[in-house]
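See below for the structure under consideration.
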Amino acid sequence: MRTRPLKVALLGCGVVGSEVARIMTTHADDLAARIGAPVELAGVAVRRPSKVREGVDPALVTTDATALVKRGDIDVVVEVIGGIEPARALITTAFEHGASVVSANKALLAQDGAALHALAEEQGRDLYYEAAVAGAIPLIRPLRESLAGDKVNRVLGIVNGTTNFILDKMDSTGAGYQEALDEATALGYAEADPTADVEGFDAAAKAAILAGIAFHTRVRLDDVYREGMTEVTAADFASAKAMGCTIKLLAICERAADGGSVTARVHPAMIPLSHPLASVRGAYNAVFVESDAAGQLMFYGPGAGGAPTASAVLGDLVAVCRNKLSGATGPGDSAYTQLPVSPMGEVVTRYHISLDVADKPGVLAQVATVFAEHGVSIDTVRQQGRQDGGGDASLVVVTHRASDASLSGTVEALRNLDTVRGVASIMRVEGE
Ligand code: NDP
Ligand code: HSE
């Protein structure tokens with residue numbers, strides 16, 4: 001074994017970074033044996049240097065992250081600051097000064113992954129990011145390496161721990177949205193700005209990364225259709241239950257049937273209780289990958305939190321250190337198919353629509369006509385008179401598969417009917 005250590009700069013020592021530092025210290029001997037050389041924490045960049053950080057030598061702590069990555073003797077930079085800047089500039093500087101990079105930063109990778117990969121390749125460095133998608137779950141490497149000989153057609157799953165935690169609490173305990181979000185934040189699951197979680201940006205970034213790797217193409221955050229989960233209500237959960245379903249925030253990436261394009265979307269959806277994703281609780285994540293030869297694979301595990309995420313970071317650190325020692329780099333970016341990303345209107349799925357309607361003769365026929373005129377076939381209809389004596393009823397329509405564009409046209413036309421007082425909710429139905 002080489003005795004000269006490989007030097008690691010840790011950028012960020014928060015929820016994830018503090019666990020990375022802890023495992024590097026407590027597992028130092030095993031890591032050295034697995035890599036073939038010791039790894040030394042050479043510096044830790046943070047914002048607040050005076051904060052006490054258990055197990056971290058205060059002499060290593062700096063607020064000058066740029067100087068740290070420019071030192072020239074750093075072998076690997078671990079970026080767990082998050083956000084776009086200064087993370088992007090620091091990673092770029094790290095590559096230019098001889099270091100490979102391990103990052104958990106899905107926001108940055110979904111926005112600028114192509115440029116960062118290109119620079120890494122040009123400079124002969126590694127860019128690894130297993131922790132950026134689905135926390136501890138090995139998913140990037142299986143997609144990029146184990147399935148490199150297969151053809152992936154669909155990736156569907158729960159990829160945000162915070163929102164799964166909130167939806168699970170709302171469903172199973174009747175907890176309020178804010179109360180559940182506060183708990184997820186205290187547990188270290190949420191992003192620095194939890195809007196990224198609850199409005200679906202975090203899951204959309206992960207969907208972009210997954211779609212890019214799965215379909216060997218370029219998908220950016222802006223290409224992903226996104227709806228958050230802030231408008232999911234207790235009434236939606238009651239409707240889902242009535243259908244034998246629950247509600248999850250799903251990320252779905254699909255190759256078109258003709259193979260000529262892809263779609264990527266994130267939105268809340270009803271899924272049957274019998275579907276394996278329905279039993280994914282708390283901050284766990286689960287992702288189905290469907291491919292030509294392998295069929296259906298399911299990846300499941302903790303999707304957020306300091307220690308689980310650090311596990312993925314450390315796995316990448318070991319891989320990158322091994323590459324350094326052998327003078328090689330791992331597999332790079334593969335976007336050779338250059339498939340276009342189709343708009344959401346072309347996505348085909350089923351819908352659950354809840355309408356407030358006048359409770360009088362002919363209304364059901366009027367509503368059914370609007371669906372028919374837009375080519376959307378109805379599967380089931382359930383009407384319930386309201387108890388407030390206002391002469392209105394609640395009408396729940398579940399459709400067969402239709403395009404999102406047809407459904408949007410239907411809903412617009414329904415809103416124009418005098419007898420439709422309002423569209424209470426529209427939710428996609430997946431996993432059947
Ligand atoms: P935290 O907010 O807990 O930690 C961020 C760290 O970065 C802090 O130590 C902070 O310093 C430091 N920092 C912030 N700005 C700067 C700066 N300008 N220069 C130097 N240091 C800076 O975030 P997390 O650990 O939760 O997340 C880090 C990354 O990991 C993000 O990209 C996130 O998306 C990703 N991730 C997080 C997961 C989780 O469950 N938390 C799971 C998977 C990925 P200080 O301590 O002084 O404030
Ligand atoms: N905020 C993210 C989540 C962290 O809740 O899933 C893991 O990427």
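The values are calculated or read from the model by the stated rules, or taken from the named source; none is laboratory data. These numbers were taken from a predicted model, which means no experiment stands behind them. As a convention, Cβ positions derive from the backbone with ideal geometry for all residues, glycine included, and neighbour counts pool all protein chains shown.
Taken together, Gly149, Gly135, Gly82 contain a single residue that is surrounded by fewer than 24 Cβ atoms within 10 Å (Cβ to Cβ), within 16 Å of ligand 2 (Cβ to nearest atom) and part of a loop (DSSP other than H, G, I, E, B), which is Gly82. Being more than 10 Å from ligand 2 (Cβ to nearest atom), of a type in the set (A, V, I, L, M, F, W, C) and surrounded by fewer than 18 Cβ atoms within 10 Å (Cβ to Cβ): is that true of Ala120 here? Taking the combined requirement at face value, the residue does not satisfy it.
Residues that are within 13 Å of ligand 1 (Cβ to nearest atom) and within 18 Å of Tyr129 (Cβ to Cβ) do occur in the range 58-70.
Of the numbered criteria (1) more than 30 Å from the chain's Cα centre (by Cα); (2) on the phi > 0 side of the Ramachandran plot; (3) in contact (Cβ under 8 Å) with a residue 40 or more places away in the chain, the one Asp73 fails is (2).
Contact map, the range 154-165: first residue assigned by TED's automatic domain parsing to the domain that holds Arg281, second residue surrounded by fewer than 24 Cβ atoms within 10 Å (Cβ to Cβ) and not aliphatic (A, V, I, L, M), Cβ cut-off under 6 Å, separation 6 or more or different chains; pairs are Arg154/Glu254; Arg154/Glu290; Leu156/Phe288; Gly157/Phe288; Phe165/Gly282.
A single member of Glu231, Glu254 is under 17 Å from Ala205 (Cα atoms) and among the acidic types (Asp, Glu), and it is Glu254. Would the range 293-304 turn up any residue that is over 26 Å from Asp202 (Cβ atoms), buried (at least 19 other Cβ atoms within 10 Å of the Cβ), out of contact with any Asp or Glu (no Cβ under 7 Å at 6 or more places or on another chain) and not basic (Lys, Arg)? No, the range 293-304 contains no residue that is over 26 Å from Asp202 (Cβ atoms), buried (at least 19 other Cβ atoms within 10 Å of the Cβ), out of contact with any Asp or Glu (no Cβ under 7 Å at 6 or more places or on another chain) and not basic (Lys, Arg).
Counting residues in the range 179-197 that are among the aromatic types (Phe, Trp, Tyr) and part of a loop (DSSP other than H, G, I, E, B) gives one or more. Close Cβ contacts (under 6 Å, 6 or more residues apart or on different chains) running from residues in the range 109-124 that are not assigned by TED's automatic domain parsing to the domain that holds Leu221 to residues that are small (Gly, Ala, Ser) and assigned to a helix (DSSP H, G or I) comprise Leu109/Ala132; Ala110/Ala205; Ala110/Ala208.
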